[in-house]
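The next block holds one structure in the form of structure tokens; read it before the comments.
The values are calculated or read from the model by the stated rules, or taken from the named source; none is laboratory data. These figures come from a predicted structure and were not determined experimentally. Virtual Cβ from ideal backbone geometry, glycine too; neighbours counted across all protein chains shown.
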Amino acid sequence: MKPAACRLCRDSRIRCLGALPDSDYFAGRVLKHPIDGGHLWICDACQSMFRHPVLQTSQYLDLYAKGAEDEWSADDARQDLAVIRGMIAKACPGSVLDVGCGAGDFLLTLPSELTKSGVEPSTAAAAAARSRGVSILSPTLAQLSPQAGFDVITMIDVIEHVADPGKLLDQALSHLAPGGHLIVATGDASNVLWRRVFRSRFWYSSFPEHITFPSLRYFYIWHEGRGLQAPTSVQLKYRRIPFRRAVAYFASQLAYLVSPWLLNRAGSGMEWLRRAPSPRRRFFSPGAPGVFTDHQIVVLRRLL
């Protein structure tokens with residue numbers, strides 16, 4: 001069924017880019033029942049993309065709560081994290097809130113003199129973060145105390161997981177101190193290979209957790225009238241990878257473009273060979289982080 005309008009900017013000028021794959025793997029856990037992939041849509045007004053249909057918010061929160069604690073762990077190969085650390089150092093904040101902080105990997109790399117807090121829906125990841133000394137304030141921004149305010153709020157690999165990014169950004173803005181910085185790292189919906197070549201078979205949009213892909217144009221639209229400076233952005237590859245791995249990832253992306261069925265068969269065969277416990281995965285996505293310049297870091301600063 002065609003959506004009535006863009007889920008981000010509410011404009012009706014939308015186009016379908018093709019069917020998205022079903023998936024039985026979510027937040028590091030194999031699901032007994034696969035999630036319907038739906039279709040990928042693009043908005044000609046705000047240039048964003050989005051999955052339709054999607055699950056209810058409560059269903060997603062339940063899936064994340066049951067997710068693996070190390071599913072989104074940070075590592076030194078992540079290029080976006082290095083850039084964001086530099087941005088935070090330049091801002092000279094006193095406090096940082098990381099939304100969707102996982103086990104606290106990123107926060108623990110920041111200077112010790114900062115007050116570091118996190119928001120995390122995964123029960124296992126939040127427990128791991130607390131055991132490492134990270135202050136977990138709530139599972140979601142919606143549950144965060146109204147009195148909480150921060151000099152920097154980061155959303156790293158988060159906004160693509162929510163159905164209504166504008167609502168999430170407004171929630172974050174309500175906790176941003178005057179002069180504070182909101183830093184969002186996510187996929188870059190303006191990537192030409194994604195939009196025009198791979199379309200719904202691009203690696204980044206194949207994961208069932210990824211349901212919304214805001215463009216830089218969308219951030220410009222959202223910031224208007226909210227007391228923010230115009231957004232700035234950096235486009236980059238997700239991580240540094242060896243050349244051989246990049247070739248292998250690119251080959252899997254091409255294979256997925258030709259036939260997702262073949263990738264599923266190969267993945268199922270590997271599951272059988274390694275004697276994976278039941279339930280076993282039956283649906284697989286290519287996974288090509290670091291091959292394309294397909295990520296962006298968007299920075300919005302609140303006026304004094």
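One line per residue, one yes/no per condition, for (1) part of a helix (DSSP H, G or I); (2) among the hydrophobic types (A, V, I, L, M, F, W, C):
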{"residue": "Ile241", "(1), (2)": "no, yes"}
{"residue": "Arg245", "(1), (2)": "yes, no"}
{"residue": "Gly287", "(1), (2)": "no, no"}
{"residue": "Phe292", "(1), (2)": "no, yes"}
{"residue": "Gln296", "(1), (2)": "no, no"}
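Out of all the residues in region 196-205, is one or more part of a loop (DSSP other than H, G, I, E, B) and surrounded by fewer than 18 Cβ atoms within 10 Å (Cβ to Cβ)? Checked against the condition, which is being part of a loop (DSSP other than H, G, I, E, B) and surrounded by fewer than 18 Cβ atoms within 10 Å (Cβ to Cβ), region 196-205 yields no hits at all.
For region 247-275, the tally of residues that are assigned to a loop (DSSP other than H, G, I, E, B) and more than 26 Å from Ala77 (Cβ to Cβ) stands at 2.
Out of all the residues in region 174-188, is one or more closer than 30 Å to Gly287 by Cα, in contact with a His (Cβ under 8 Å, 6 or more places away or on another chain), of a type in the set (S, T, N, Q) and assigned to a strand (DSSP E or B)? Yes, there is a match, as at least one residue in region 174-188 is closer than 30 Å to Gly287 by Cα, in contact with a His (Cβ under 8 Å, 6 or more places away or on another chain), of a type in the set (S, T, N, Q) and assigned to a strand (DSSP E or B). Residue count for region 86-113 satisfying the condition of being closer than 24 Å to Ser233 by Cβ and either in a helix (DSSP H, G or I) or of a type in the set (A, V, I, L, M, F, W, C) (or both): 15.
Which numbered condition trips up Ser12, out of (1) free of Cβ contacts under 8 Å to residues at least 12 places away in the same chain; (2) closer than 28 Å to Cys101 by Cα; (3) of a type in the set (S, T, N, Q)? Status for Ser12: all satisfied but (2).
Would it be correct to say that Ser58 is of a type in the set (S, T, N, Q), at pLDDT 95 or above and either farther than 20 Å from Ala185 by Cα or in contact with a strand residue (DSSP E or B) (Cβ under 6 Å, 6 or more places away or on another chain) (or both)? Judged against the criteria, Ser58 is not a match.
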